[in-house]
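None of the figures in this text is laboratory data; all of them are computed from the coordinates on show. Predicted model, so just to flag it, every value in this text is computed and none were measured. Methodologically, a virtual Cβ is constructed for each residue, glycine included, from the backbone with ideal geometry; neighbour enumeration extends over all protein chains shown.
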């Protein structure tokens, strides 16, 4: 394989299932691609033994393709996207399934997010990149592993574990738009791996790429993010390994991203905030036995968030004859989670009937969230006033789960996984919702077949059932009949293959899936009063069904010792079935935030003397912003670049994000906001413009 044409051909052949055969490895040939071990499933296993579509981003990829946050590298994962409306991603979509915001509505995510085993589903802002070791994304229902929070899949982020020797790392970044960052990481450990520790700290600041001309400031949408991580590993008993992780993240970001003319020039007299302060800890204990291993994962977290915005996006001087016209909304949330997972993972010594490897576990999750919503206004239509809504939400998940893995002949494996989960949710608020309780019993699981055709080629087929619990719509503007929504079930049939060339320089992964969403939960909205922007309410309802079908593929290729090429692609078709809301007939229409195609192509070069470069092209189709209207985002293509030099322990690089300064939208709302006539129109939140910077890092293992 020695031409770009063959690269494209190989990628297409991956979908067709045609083997890719590499030549024998000559002297001076490129290094082989490393084998990937997946840790986010029921048991740690090589990727080639997993019957599910998975993407892994290692530390080298995160450092080369990103700058500060997981949002920087999202486009490298086929089928993954996020809905803006916040300064950093909180809500993710996989294969077109996921939440888009949480102005109202119980915390009930479709895509799970774990950071070092700590549950941050729905509050994903602490997903910063400094000292991050890897990201694993499991696409498709992962309810056997993670239950109701993984209807569409699971994202697992892991920071660097303690090493076997003393090390120290420092990194500094300087860029335009007021960007500065400084990170320090240090650790030590015993050579035998029996004990170790690691600490990492980083502070990042940037002005947020907007200018408020009314206040004469360029930082009202800015970032101020501090992340602290600590890890301690030890062996309290022979055969027992413990890893204690603590995380503290303080993201004190502004939120002034909207303007009446859809530009990056804002006129808000009361800029908002998007701040989140999270503290969490996890304890992972593994005890090996002759037959298998016991695994205990305990975690707890508390997140305080302040989400606020200027409801009219202007000021009295700007509104002129319509003044006073002033609106402001603020949400003060506190979320607490406590989770315990106890699991037995059987090894070859625990085979049942000589051929079955078992996994069995029990899971507990308690989530509590309180929200204080303040609305304040002063205009010539309603006068001056304010309202305060208090709401409280609690949910308790208890689950039993397990799997049996059957070896079929020498090359085949059949796996049956089952999960039975019960979720009790309680909700009350200070407006019109007295204490209410919902109880869901949620069955899920998977039946998978994996055929290892050779040491370098595998095929798999999986039938899985995922689930997402029902819940409550929060807020005084919700009709009593829309207060509750039902649980959703998801059936997914997936066929896939993985292929490595015999010389180990090419790796292909491709899959095709068909999903049927039963009692599909649809996020909707409406404006109750055309002259009051704060009466724009969000609520979740149930459609009869929904269909999501698609194909995904990933390619890694090392054509020469100095070059690395990667590519990924996702094609999907989505539609609502049997859903009409507020006179809007959505039957047969594509679902919101579900682009029909996504492409990412990356090329990397490494010179033996130390020079390196990487270029990323990321493109995706347009998509509908909401189920409430037919307004769409346009297709976009972005180019990112990094080039630099490594000299001994030092690395310096120049980087560019959105190199061609493409203009694109990341969120859109369709409603009336402009007095005196309040025409209904589309308002867009723009993506970030071109950003340039330089980063310098040093690794001093001797310090």
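Mind giving me the nanometre distance, one decimal, between the label points for residue 36 and residue 597, set 7 Å out from Cα along Cα→Cβ?
That separation, rounded to one decimal, is 2.3 nm.
For the ranges 640-652, 619-631, what's the packing order if you count other beta-carbon atoms within 10 Å of each residue, average per peptide, and put the highest first?
On the way: 640-652: 15.8, 619-631: 19.4.
Put in order of decreasing packing, that is 619-631, 640-652.
What is the gain in length, in nm to one decimal, between residue 630 and residue 170 on full extension, counting 0.36 nm per residue of separation less the C-alpha to C-alpha distance? Write out the running numbers ahead of the final one.
On the way: separation 460, 0.36 × 460 = 165.60 nm, distance 4.82 nm.
Residue separation times 0.36 nm, minus the Cα-Cα distance, leaves 160.8 nm.
Give the calculated FRET efficiency between residue 261 and residue 392 to the nearest 0.05, with a Förster radius of 41 Å applied to their Cβ-Cβ distance.
Working: r = 40 Å, r/R0 = 0.96.
Plugging the Cβ-Cβ distance into 1/(1 + (r/R0)^6) gives 0.55.
Could you work out, for segment 246-364, what percent of all Cα-Cα pairs fall into each 10 Å distance bin, beginning at 0 Å and stopping at the bin that holds the largest distance?
Result, from short to long distances: 12, 23, 18, 14, 13, 11, 7, 2, 0 percent.
Within segment 371-403, list the residues whose amide N lies under 15 Å from a label point set 7 Å along Cα→Cβ of residue 334.
What the label zone holds, given the 15 Å backbone N cut-off, is 371-373, 390-394.
Place the peptides 402-412, 494-504, 244-254 in order of packing, highest mean first, counting for every residue the other Cβ atoms within 10 Å and averaging per peptide. Don't skip to the end; give the middle numbers.
Values: 402-412: 15.1, 494-504: 21.2, 244-254: 19.5.
Peptide ranking by packing, descending: 494-504, 244-254, 402-412.
Between residue 192 and residue 431, how many nm apart are label points set 7 Å from Cα along the C-beta direction?
Simple spin-label model gives 6.3 nm for this pair.
Once the Cβ-Cβ distance between residue 495 and residue 577 is put in as r, and R0 is 25 Å, what FRET efficiency do you end up with, to the nearest 0.05? Spell out each step's value before the answer.
On the way: r = 23 Å, r/R0 = 0.91.
About 0.65, to the nearest 0.05.
What does the extension gain come out to for residue 304 and residue 700, with contour length at 0.36 nm per residue minus their alpha carbon separation?
Details: separation 396, 0.36 × 396 = 142.56 nm, distance 3.61 nm.
Contour length minus Cα-Cα distance gives 138.9 nm.
Bin width 5 Å, alpha-carbon pairs only: give the P(r) of segment 50-151 as whole percents, running from 0 to the bin holding the largest distance.
So the P(r) values, bin by bin, are 2, 13, 23, 27, 21, 11, 3, 0.
In vacuo Debye scattering of segment 313-380, one point per C-alpha: log10 I(q)/I(0) at q = 0.15, 0.21, 0.27 Å⁻¹?
At q = 0.15, 0.21, 0.27 Å⁻¹ the computed log10 ratios are -0.73, -0.90, -1.07.
For segment 38-699, what is the convex hull (Cα atoms) projected area averaged across all directions, in square nanometres? Can you show the working numbers first?
Working: hull surface 111.4 nm².
Seen from a random direction, the Cα hull of segment 38-699 projects 27.8 nm² on average.
What is the angle, in °, between the Cα long axis of helix 4-16 and the longest principal axis of the Cα atoms in the chain? Nearest 10 is fine, range 0 to 90.
That helix lies at roughly 90 degrees to the long axis.
What FRET efficiency do you get for residue 416 and residue 182 if R0 is 56 Å and r is their Cβ-Cβ distance, rounded to the nearest 0.05? Spell out each step's value before the answer.
Values: r = 50 Å, r/R0 = 0.90.
That gives a FRET efficiency of 0.65.
Give me the one-decimal nm value for the distance between modelled label points at residue 682 and residue 370, 7 Å along each residue's Cα-to-Cβ direction.
With each label placed 7 Å out from Cα toward Cβ, I get 4.2 nm.
With only alpha-carbon atoms in the gyration tensor, what are the semi-axes of the equivalent ellipsoid for segment 658-703, in Å, largest first? Kindly include the intermediate steps, with their values, before the conclusion.
On the way: eigenvalues 389, 33, 13 Å².
Taking √(5λ) for each Cα gyration eigenvalue gives 44, 13, 8 Å.
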